[in-house]
1. Return yes or no: is ARG70 outside the structural domain of VAL9 (by TED's automatic domain parsing), among the basic types (Lys, Arg) and in contact with a Pro (Cβ under 7 Å, 6 or more places away or on another chain)?
2. Look through the range 20-76, keep the residues that are within 17 Å of the chain's Cα centre (by Cα) and not in a helix (DSSP H, G or I), and return whichever of them is surrounded by the most Cβ atoms within 10 Å (Cβ to Cβ).
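The values are calculated or read from the model by the stated rules, or taken from the named source; none is laboratory data. Quick caveat: nothing in here was measured; it's all calculated off a predicted structure. Virtual Cβ from ideal backbone geometry, glycine too; neighbours counted across all protein chains shown.
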Amino acid sequence: MAVYVAVDVICLFLGMIIGGSKGFTGLGIILGLLLGPLGVLIVAVMKPTPEVQAKRQLEVEAAVEAERARQVEAERRRLQGQQPDRRT
């Protein structure tokens with residue numbers, strides 16, 4: 001009996017974490033608790049909400065822009081004969 005409770009609690013938390021990353025925290029908790037590992041699997045294959053997708057896209061665009069700026073600065077330093085910035 002204790003094993004079933006432990007599995008349910010673990011599935012609840014996994015459902016919450018995975019669902020939260022996709023914008024479905026409450027649904028992840030419910031499915032993880034009621035359906036156990038099957039509920040976690042269902043939440044794992046769900047598509048993220050449009051809001052989460054938009055947020056991820058903005059994060060990717062910001063990272064790409066920062067990398068472009070770093071490359072432009074490195075090229076500017078190279079052309080001026082300065083030591084390149086070694087930060088990563």
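1. Taking the combined requirement at face value, the residue does not satisfy it.
2. Step by step, filter the range 20-76, then rank; the result is PHE24.
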